[in-house]
Amino acid sequence: MAGVRCSRAIRPLESLVESYVIVGSHATNALGVMHGGNLLRLMVDHASASASRVVWSYALLAGIDFVYFASPAREGEAIRVASWALSAGRSSVDVAVRVESLGVPGMDVGSRLVALGHMTFVAVDGSLRPRPHHTCITPKTSLEESQAEKSKALREARRKRLEKRKEEPFDTSPPEPPQGGARAITSKIVNPSDTIAYNVVHAGSMLYLLDELGAVTASKQARGPVVTGFLGPLDFYRPVPVGYVISAHAAALHTGRSTVEVGVKALAGPLGEPWREAVAKGYITYVKLDPAGKPSTIPSDARLEPSREAKARDLERRRIIAMIEDGELDFTPPSQAS
Ligand SMILES: CC(C)(COP(=O)(O)OP(=O)(O)OC[C@H]1O[C@@H](n2cnc3c(N)ncnc32)[C@H](O)[C@@H]1OP(=O)(O)O)[C@@H](O)C(=O)NCCC(=O)NCCS
């Protein structure tokens, strides 16, 4: 990349972090499938470890282009979580995370895609400002090369979204639903148990909060239980230190046949002070399920007409999902051979 100085090069395979987890009841929701917030936390933890292999320190999660939840992981199933770095900028690293279910241990059912994500971490200095990491990612195999190209295309595609990020912290207005749209609000104090590094809230904790708030909003709108279907884009503007209060807002923005798109925004400020700034903002789409776990139609009087922006996001979401389903977005973990 132009203007980026490399004093070190690593290939994607060297950043691969992999683990196997059996889905226990502590990680599931009322439907007996893995809670979206728990899955997101697991994915972010793996991706953080991959990013840290590139930047040689703990990196902050700056943004998520997408996480697609392809199928539920049920209690008792073994899941394989794999993350690896695909491309790097001056201070940033783009990471893919893939979760597959291998079914209930002992039953040979092959593997099934559970979730796939593409997210960006940023190396920071002691003041939590971006610092150059001087590491280049050099693909060795054709798979690594093709994935690096796709990651760079995603990086290019988010350029427009990021142009506004310097002003976003000052816009503390909550997301506004259209007429008839549900909303919900929650608050939480950032405690040491919410951090992993730098004494600021861990992205996994923030995502858990936003996903759960979004699910409450979506199920209110859909009038029935929902599961997380797609997250993104979602950006983190400012780190939130221990002792701050997060006030998270969600609004149902538009509905499809069985889906509800929810806008989420987190504001933060020191405990006991009126000052507030926006620290995260994004979109999460939920799918309404019937008692058999199949997508279920949202009642016509609960439908929300999309705005022009919501229509554009819907198209982009469908484009990404189609690319994943067709294998065009071939984010499978690198190996020595491929
Ligand atoms: C991430 C953060 C340090 C970036 O700060 P910034 O002022 O936007 O920094 P810059 O404009 O210098 O951009 C730095 C790099 O981050 C990238 N970046 C910034 N925001 C991004 C986003 N939302 N998504 C993807 N990349 C992003 C830029 O493209 C740039 O990449 P490069 O250096 O490789 O060219 C800042 O937004 C932040 O602290 N956010 C909160 C992070 C956090 O606490 N995460 C935990 C979640 S609660």
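The values are calculated or read from the model by the stated rules, or taken from the named source; none is laboratory data. What you see is a predicted model, and the numbers here were worked out from it, not measured in a lab. Heads up, the Cβs are rebuilt from the backbone with ideal geometry, glycines too, and the neighbour counts pull from every protein chain shown.
Worth a mention:
Let's see how each residue does on (1) buried (at least 19 other Cβ atoms within 10 Å of the Cβ); (2) within 25 Å of Phe331 (Cα to Cα); (3) out of contact with any strand residue (DSSP E or B) (no Cβ under 8 Å at 6 or more places or on another chain); (4) at pLDDT below 95:
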site	(1), (2), (3), (4)
Ser151	yes, yes, no, no
Arg159	no, yes, yes, yes
Lys166	no, no, yes, yes
Gly180	no, no, yes, no
Tyr198	no, no, no, no
Gly204	yes, yes, yes, no
Leu210	yes, no, no, no
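- Filter result for the condition that a residue is in contact (Cβ under 8 Å) with a residue 12 or more places away in the chain, touching a Pro at 6+ places or on another chain (Cβ under 9 Å) and within 16 Å of Gly24 (Cβ to Cβ), over Ala78, Ala96, Ala82: Ala78
- Strands (runs of 3 or more DSSP E) (entirely within segment 1-114) containing at least 2 residues that are of a type in the set (Asp, Glu) and at pLDDT 95 or above: 92-101
- The criterion of being more than 19 Å from Arg53 (Cα to Cα) and hydrophobic (A, V, I, L, M, F, W, C) does not hold for Leu128.
- The single condition from (1) in contact (Cβ under 8 Å) with a residue 12 or more places away in the chain; (2) in a loop (DSSP other than H, G, I, E, B); (3) more than 22 Å from Ser92 (Cβ to Cβ) that Ala197 fails is (3).
- Qualifying residue in segment 129-146 (condition: touching a His at 6+ places or on another chain (Cβ under 9 Å) and within 11 Å of the ligand (Cβ to nearest atom)): no
- Subset of segment 214-225 (residues that are surrounded by fewer than 24 Cβ atoms within 10 Å (Cβ to Cβ) and part of a helix (DSSP H, G or I)): Val216, Ser219, Lys220
- Looking at Glu156, Glu149, just one residue is away from the ligand (no atom under 14 Å from the Cβ), outside any loop (DSSP other than H, G, I, E, B) and of a type in the set (Asp, Glu), and that residue is Glu149.
- Residue that is farthest from Ala115 (Cα to Cα), among those in segment 222-267 that are among the hydroxyl-bearing types (Ser, Thr, Tyr) and touching a residue at least 40 places away in the same chain (Cβ under 8 Å): Tyr244
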